[in-house]
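K.L.:
I'd like to ask some things about the structure below.
The values are calculated or read from the model by the stated rules, or taken from the named source; none is laboratory data. These numbers were taken from a predicted model, which means no experiment stands behind them. We place every Cβ from the backbone using ideal geometry, glycine too, and count neighbours over all the protein chains shown. Accessible surface is based on the protein model in full, side chains and every heavy atom, while ligands, DNA and RNA are left aside. Shrake-Rupley method; radii C 1.70, N 1.55, O 1.52, S 1.80 Å.
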Amino acid sequence: MKDLCFKLTSLIPPQHSKAAKEHLSQLDLFDQAASYIKQLRERIEELKKRKSLLALSTADETNNSIKNSVIGLKLPILRFRELGCSFEVVLISGHKKKFMLYQVISILEGGGAEVVTANLSNIGDNVFLTLHAKVKVSRVGVDTSGVFQRLEALIS
């Protein structure tokens, strides 16, 4: 039973844990696992909904409500996800609000990050930008809240 609990604990990412896993009771670990599973299920449902809407949008390119938003969301979209000592930035914009790649990279580097990869795609009137960055100096770190605020100011 302890081995199974250890395996379950190892499957929960550290970002989801609220406290050190070593100091939690088995009941607390089960609660965290159940919470994480519920969160994953909600994410799966959201992605399924997006997938079905995307399939509809490719079948009917003249639908104006899809052109003005990406899969039911208002543009521009900014997603910022921390991954330990690195992070991922996803920006989606429409034809009304455009930004330059160098502006986004400048904001990230100004916050103490180094861009590792950048992927830019144009699909229809929308621009999809995905950046992976890591901390330049691990002792200093990255001002993630400041970077997020400056990116929001750029796209709004």
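K.L.:
If I go through region 141-156 residue by residue, how many of them are modelled with pLDDT under 80 and among the charged types (D, E, K, R)?
P.N.:
Number of matching residues: 1.
K.L.:
Could you give me the residue pairs with C-beta distances under 8 Å whose first residue belongs to region 88-107 and is closer than 14 Å to K134 by Cα, whose second residue is among the aromatic types (F, W, Y) wherever it lies, and which are 6+ apart or on separate chains?
P.N.:
E88/F80; V89/F80
K.L.:
Oh, and also: Scan the strands (runs of 3 or more DSSP E) fully inside region 28-140 and keep the ones with 3 or more residues being modelled with pLDDT of 80 or more, out of contact with any Phe, Trp or Tyr (no Cβ under 7 Å at 6 or more places or on another chain) and open to solvent by less than 70 Å² (accessible area, probe 1.4 Å). Can you show your working first?
P.N.:
Numbers: elements: 77-83, 86-93, 113-123, 126-135.
So the answer is 86-93, 113-123, 126-135.
K.L.:
I'm trying to understand the selection: among the residues of region 12-27, which are modelled with pLDDT of 80 or more and surrounded by 11 or more Cβ atoms within 10 Å (Cβ to Cβ)? Please lay out each step first, then the result.
P.N.:
Step one: of region 12-27, the residues modelled with pLDDT of 80 or more are 12, 25-27.
Within region 12-27, I12, Q26 meet the criteria.
K.L.:
Shifting gears a bit: Among the residues of region 98-127, which ones are of a type in the set (S, T, Y) and farther than 15 Å from G146 by Cα?
P.N.:
Y102, T117, S121, listed by residue number.
K.L.:
Just to verify a result, which residue in region 141-156, among those that are part of a helix (DSSP H, G or I) and of a type in the set (V, I, T), is nearest to L54 (Cα to Cα)?
P.N.:
Here is the first cut: in region 141-156, the residues part of a helix (DSSP H, G or I) are 144-155.
Within this subset, residues satisfying the condition of being of a type in the set (V, I, T) are 144, 147, 155.
On the way: T144: 31, V147: 30, I155: 23 Å.
Of everything passing the filter in region 141-156, I155 is nearest to L54 (Cα to Cα).
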